[in-house]
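> Sharing a structure here in structure tokens format.
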Amino acid sequence: MKSSEARINLVHIRAREIKKTRDKKINALNGCLCVVLLSSLVTMIGTFTTRYSASDNPALYTGASLFDSSAGGYVLTAVVAFMAGVVITVSIKKYIERHNREF
């Protein structure tokens, strides 16, 4: 018969193993999510960009070009990229806080 300390140690070891497998699954899911977000951003950039030459309209190379109606794709891409960055940063911060916590 094992002592209660040995049983408690076995429970803690098993809990760490379960947590490791759960963290591996979460990391794999986050990796897939990052790939999907990256591919969607690249697709949006390719879809919404319009090529202009400098001779067409030199004003398109200034900050005021973002107010043009054809620049909606750039603004949308920037907003989605910012939101994705915030979500990824918050999830990494929570993961680190949770990972550093001991039993």
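> Can you tell me which lysines have their Cα less than 19 Å from the Cα of residue 94? Leave out same-chain residues fewer than eight positions away.
19, 20, 24, 25
> Here is a follow-up. Modelled label-to-label distance, residue 8 and residue 20, 7 Å Cα→beta-carbon offset: nm?
2.3
> If you stretched the chain out fully between residue 89 and residue 39, how much longer would it get, using 0.36 nm times the residue separation minus the C-alpha to C-alpha distance?
Gain on stretching residue 89 to residue 39: 16.1 nm.
All of the numbers you see were taken from the coordinates with simple rules; none came from a lab. Since the structure is predicted, the reported quantities are computational estimates derived from the model, not experimental observations. Ideal geometry is used to build each Cβ from the backbone, glycine not excepted, and the neighbour counts take in all protein chains shown.
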